[in-house]
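The values are calculated or read from the model by the stated rules, or taken from the named source; none is laboratory data. Quick caveat, the model's predicted, so the values are computed rather than measured. Here the Cβ positions follow ideal geometry from the backbone for every residue, glycine too, while neighbour counts run over all protein chains shown. We work out accessible area using only protein heavy atoms, side chains counted, and drop any ligands, DNA or RNA first. Shrake-Rupley method; radii C 1.70, N 1.55, O 1.52, S 1.80 Å.
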Amino acid sequence: MNGRELLAACISAPAILDALTDDEDLREAGLNSGEIVLAVMRLEETIGRALDDDEITSVTTIASIDALLRTDGTSQGPVRDAA
């Protein structure tokens with residue numbers, strides 16, 4: 001899975017991705033905060049760990065999602081709650 005595919009599964013109008021470059025800001029392209037939060041949650045599930053604050057705030061472009069997917073592409077499954 002790449003950042004574009006992950007994002008397509010999280011937004012209400014995936015066709016917006018057709019005109020979006022990998023380095024274009026997601027908010028400026030029209031994605032709302034809920035869609036970005038959903039993408040962060042899906043990203044955490046995909047890589048098998050919670051993102052830290054810096055990583056969460058870095059999720060601003062498709063390229064940034066791709067970078068996070070590459071840093072931890074060996075997913076062990078969904079994130080487990082420590083409680």
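Of the residues contained in region 36-45, one or more are found to be open to solvent by 60 Å² or more (accessible area, probe 1.4 Å), of a type in the set (D, E, K, R), in contact (Cβ under 8 Å) with a residue 12 or more places away in the chain and part of a helix (DSSP H, G or I).
Consider ALA29 carefully, then state whether it is over 17 Å from MET1 (Cα atoms) and open to solvent by 40 Å² or more (accessible area, probe 1.4 Å). In short, no. When the residues of region 1-26 are filtered to those that are assigned to a helix (DSSP H, G or I) and acidic (Asp, Glu), the one that is most open to solvent (accessible area, probe 1.4 Å) is ASP18.
Is it the case that region 46-63 has a residue that's at pLDDT 95 or above and basic (Lys, Arg)? Yes, some residue in region 46-63 is at pLDDT 95 or above and basic (Lys, Arg). Number of residues in region 50-76 that are surrounded by 14 or more Cβ atoms within 10 Å (Cβ to Cβ) and not in a helix (DSSP H, G or I) equals 7.
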